[in-house]
Amino acid sequence: MQTTSLLLRKRIATLFFLFTVGFLILGGRIFWVQFVRGADLSEKAIQNRMRDVPVESKRGIIYDRNNKELAISVSADSVYAIPAEVRRSGQQREIAHKLAPVLKMDEDKLYARITRQSSFEWLKRQIEPENSKKIRAMKLPGIDLTEESRRYYPKGTLVSHILGISGTDNTGLEGIDKYYDKLVGGTKGRIVIEHDAAGRAIPEATHRYIAPVDGANLVLTIDETIQYIAERELDKAFKDHQARAATAIVMDPATGEILAMASRPTFDPNKYSDYPASNRRNFAINDVYEPGSTMKITTAAMALEERTVNSSSRFYCPGYVKVGKETIRCSSGKAHGSQTFAQIVENSCNVGFVKVGLDLGMEKYYQYIRAFGFGQKTGIDLPGEATGILVPQSRAKQIDLATMSMGQANAVTPIQLITAVSAVANGGKLMQPHLVKQVVDNSGKIIKKNEPKVVKQIISPDTAHELCMILEGEVTNGTGKNAFIDGYRVGGKTGTAQKISPTGGYMANEYVASFIGFAPADNPRLVCLLVVDTPKGYPYYGGWVAAPGVREIIRDSLRYLEVPLAEGSIKNTPDNAELVVVPDVVNLPLSQALSTLSSRGLNAKTSGSGNIVWQQVPRPNTKINRGSQVIIYLSPNDKDNTSGDVTIPDLEGKSMKEVAGILADLGLHLVPQGYGLSYEQSPAAGRVVARGSTIEVRFQPIGE
């Protein structure tokens, strides 16, 4: 009996101990869940009950300086799924089958997405309005639409490299949209709906709408009209010369405001995926090139400021100059003889500028080249700006100084060059270039305003004015004559630089042609740069390829800005200059063509090989100054294709340049009549003729 009582007490004690341990464990667990993990688990419970549907904010509008819309946000529906509701309906396959053709998605992939173990899934963003209507009419369980906004560019390709692109998630990916993304993007909103454990919306539970905050608006410095003018001329230069790339920039030198900026090739930001990614590269700020003679403006500014030269300082050019063991020649080896400093600028004399650079010295040259902003970013408000390339001063030799002085060895970006030249046009003050004039919220309040910023005073106003007058002579009397504008005083500089070979040295037949000009020369309102990369054919010089485009941009822009004409009549041709009529030498033997031009007092420059002239510039019957140069193109087929028959192609609707090229490739010679597009030819298309035959083609203006 005593044993039984003792055993009973042991069992009771053991049971009490187990109850005590269990109670302590449960109490500890409750404490851990309630107090240690309470807040975290409560948040997870809320997340499990709540379904968030994001509501995108609208990106701010981008305007030009006159409040014309360049980029806006428009509404577009996006399709999403609540997988729990889709699974509960039991119609997963049917939903995927109906939805796949409308969304143009693979049915199996769509099925996998709508049945995932997640609370929310995007199916397709920013669909077309007609597809939205179809999906709403289907009334599919667990499938719904929400309104988002997407970027729309009403001007198409205009200003595309500045505006950039935006993604479907309402973020700026490139251009000004990316640079100011935080200001323009706004703040997302959301719709919050409470569901039960089965994923069903609870009718009287929490339903909350948190409104998005739309982004701020940007007012650019760009002038839409000047941008149109610049892109018109850029397209012409790019297409006419079949260039690899090209860019144009127009800047207000007094403020640093960019009035126009464009690059080619281009793209439409509304459908940017239809274009190669390389088309979105902004040549104006992303790429570097050797500027050639346009860089001589900065060399001239340095020398004038340091008083190592003045306008009347004399130089002698024998056509070449020795620097150590190297020989540097003027273009085509031409000897300019005795010249003033103003004349070496007008003639773009390499020999003269080498001497100027060497007299200036290495230390001073680098001091000024950095002051002008080369080798560093300008700070323009666009992403991806390149810094340019300078020969390191520690490694620079006298030959490097010589070549840098005339525009070789260093590589610059177009924005760096126009900013530096704008300093000369602005009395020596270097301004920071910028594209955004001000940032405005949706109530019209100005959030941010970009005031003109003076980086530094590089040269004195007197030096700047003197150089502007010298550069006016470059346009009036020198290599920049094709930029002359009747009624306006224009200054500028041509540039033709050989391109660097990837294997070292320079490529024999690839150039970068450019021209930078400003007007009016005595009080510049505009500075314009046009750069054409690898123009095809001859002439490839900046004075022929780029200067005419700058002339048209400046002239039309000044007229648009209502800048008055200069007092008195400005004429490019001296009063006593004798005009002669250019003879027609097409299809003549080379010797006869040279003799005919010489008899009229004209100089000839040949391009190509062969003995027959197949094209000429200027055209026959054009009036030009006695002593001017006529470029004659020799038939490329004279040697290799003197025999055999060819079939005449149909030339209708083609330009004279296209016709001349087609016939030249076939070994045929063109006799043009009229101008414009071809409408009649003799012999007719399809006829078989011997190589070397003459084809008469009539042209008429477009529209006639």
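Here are the numbers:
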| read-out | value |
| --- | --- |
| The lone exception for Ile380 - which of (1) in a helix (DSSP H, G or I); (2) β-branched (Val, Ile, Thr); (3) at pLDDT 95 or above it fails | (1) |
| Residues that are among the aromatic types (Phe, Trp, Tyr) and farther than 23 Å from Ser501 by Cβ, drawn from the range 286-319 | Phe315, Tyr316 |
| Candidate set from the range 275-298 (those that are of a type in the set (A, V, I, L, M) and assigned to a helix (DSSP H, G or I)); member that is farthest from Val391 (Cα to Cα) | Ala277 |
| Single condition Ile553 does not satisfy, out of (1) assigned to a helix (DSSP H, G or I); (2) of a type in the set (A, V, I, L, M); (3) within 15 Å of Ala425 (Cα to Cα) | (3) |
| Those helices (runs of 4 or more DSSP H) lying entirely in the range 55-121 with at least 1 residues touching a His at 6+ places or on another chain (Cβ under 7 Å) and assigned by TED's automatic domain parsing to the domain that holds Leu163 | 107-114 |
| The range 323-360, subset small (Gly, Ala, Ser) and surrounded by fewer than 23 Cβ atoms within 10 Å (Cβ to Cβ), residue modelled with the lowest pLDDT | Ser332 |
| Leading residue by the ranking (nearest to Thr168 (Cα to Cα)) among those in the range 133-146 that are touching a residue at least 40 places away in the same chain (Cβ under 8 Å) and part of a helix (DSSP H, G or I) | Ile135 |
| Scan of the range 419-470 for residues that are under 27 Å from the mean Cα position of the chain (by Cα) and part of a helix (DSSP H, G or I), ordered by number | Thr419, Ala420, Val421, Ser422, Ala423, Val424, Ala425 |
| Residue in the range 39-71 that is surrounded by the fewest Cβ atoms within 10 Å (Cβ to Cβ), counting only those that are touching a Phe, Trp or Tyr at 6+ places or on another chain (Cβ under 9 Å) and modelled with pLDDT under 90 | Asp52 |
| Enumeration of residues in the range 496-550 that are over 20 Å from Ala420 (Cα atoms), in a helix (DSSP H, G or I) and not β-branched (Val, Ile, Thr) | Gly543, Trp544, Pro548, Gly549 |
| Where Thr294 falls short, out of the listed (1) among the hydroxyl-bearing types (Ser, Thr, Tyr); (2) surrounded by 20 or more Cβ atoms within 10 Å (Cβ to Cβ); (3) out of contact with any Lys or Arg (no Cβ under 6 Å at 6 or more places or on another chain) | (3) |
| Residue in the range 457-467 that is out of contact with any Gly (no Cβ under 8 Å at 6 or more places or on another chain), crowded, with 21+ Cβ neighbours inside 10 Å, at pLDDT 90 or above and under 27 Å from Glu562 (Cα atoms) present | yes |
| Restricting the range 77-105 to residues that are of a type in the set (Ser, Thr, Tyr) and under 27 Å from Lys58 (Cα atoms), the residue that is surrounded by the most Cβ atoms within 10 Å (Cβ to Cβ) | Ser78 |
| Among residues of the range 655-671, those that are closer than 17 Å to Val585 by Cβ and assigned to a helix (DSSP H, G or I), counted | 4 |
| Exclusive hit being farther than 25 Å from Lys236 by Cα, modelled with pLDDT of 70 or more and hydroxyl-bearing (Ser, Thr, Tyr), set Ser595, Ser607 | Ser595 |
| Failed item in (1) assigned to a strand (DSSP E or B); (2) acidic (Asp, Glu); (3) modelled with pLDDT of 85 or more, with Glu130 passing the rest | (1) |
| Failed condition for Lys639, given (1) closer than 23 Å to Lys536 by Cβ; (2) modelled with pLDDT of 75 or more; (3) not polar (S, T, N, Q) | (2) |
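The values are calculated or read from the model by the stated rules, or taken from the named source; none is laboratory data. Bear in mind that the values here come from a model prediction, so they are computed numbers and not experimental data. Positions of Cβ are backbone-derived with ideal geometry, glycine not excepted, and every protein chain shown enters the neighbour counts.
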